[in-house]
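Here is the structure we will look at, set down as structure tokens.
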Amino acid sequence: MASITIRNLDEDIKTKLRVQAAQNNRSMEEEARIILRQALAQAEPNIADLALQLFGQDNGIELEAHPAVLPRELELE
């Protein structure tokens with residue numbers, strides 16, 4: 001397992017993490033791991049969603065999600 005150190009963390013954030021961890025009966029480290037997992041699981045970018053965020057739906061742009069494209073090696077099988 002990898003380890004990280006977070007420097008210059010605001011005291012307010014540390015306090016909120018400590019309180020949230022206590023409410024969930026977890027250590028601060030476990031709470032931080034769960035928060036990171038949840039945040040990164042939601043972080044997978046979708047180009048259509050990014051474009052809608054940037055340009056909105058009322059700018060005359062209509063985008064549909066593009067189907068996944070398989071690499072050439074997989075298409076040939």
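Select from region 27-44 the residues that are outside any helix (DSSP H, G or I) and within 9 Å of the chain's Cα centre (by Cα) and write down the one among them that is farthest from LEU17 (Cα to Cα). Restricting to residues being outside any helix (DSSP H, G or I) and within 9 Å of the chain's Cα centre (by Cα), the top hit is GLU44.
Here LEU70 meets the list (1) at pLDDT 75 or above; (2) surrounded by 10 or more Cβ atoms within 10 Å (Cβ to Cβ); (3) among the aliphatic types (A, V, I, L, M) almost entirely, failing just condition (1). If you scan region 35-47, which residues turn out to be over 15 Å from ILE4 (Cβ atoms) and not acidic (Asp, Glu)? GLN38, ALA41, GLN42, ALA43, PRO45, ASN46, ILE47 - these are the residues of region 35-47 that are over 15 Å from ILE4 (Cβ atoms) and not acidic (Asp, Glu). Within region 50-66, identify whether any single residue is assigned to a helix (DSSP H, G or I), surrounded by 10 or more Cβ atoms within 10 Å (Cβ to Cβ), at pLDDT 75 or above and within 14 Å of the chain's Cα centre (by Cα), and answer yes or no. Yes, some residue in region 50-66 is assigned to a helix (DSSP H, G or I), surrounded by 10 or more Cβ atoms within 10 Å (Cβ to Cβ), at pLDDT 75 or above and within 14 Å of the chain's Cα centre (by Cα).
The values are calculated or read from the model by the stated rules, or taken from the named source; none is laboratory data. Nothing here was measured: the structure is a model prediction, and the numbers come from that model. Methodologically, a virtual Cβ is constructed for each residue, glycine included, from the backbone with ideal geometry; neighbour enumeration extends over all protein chains shown.
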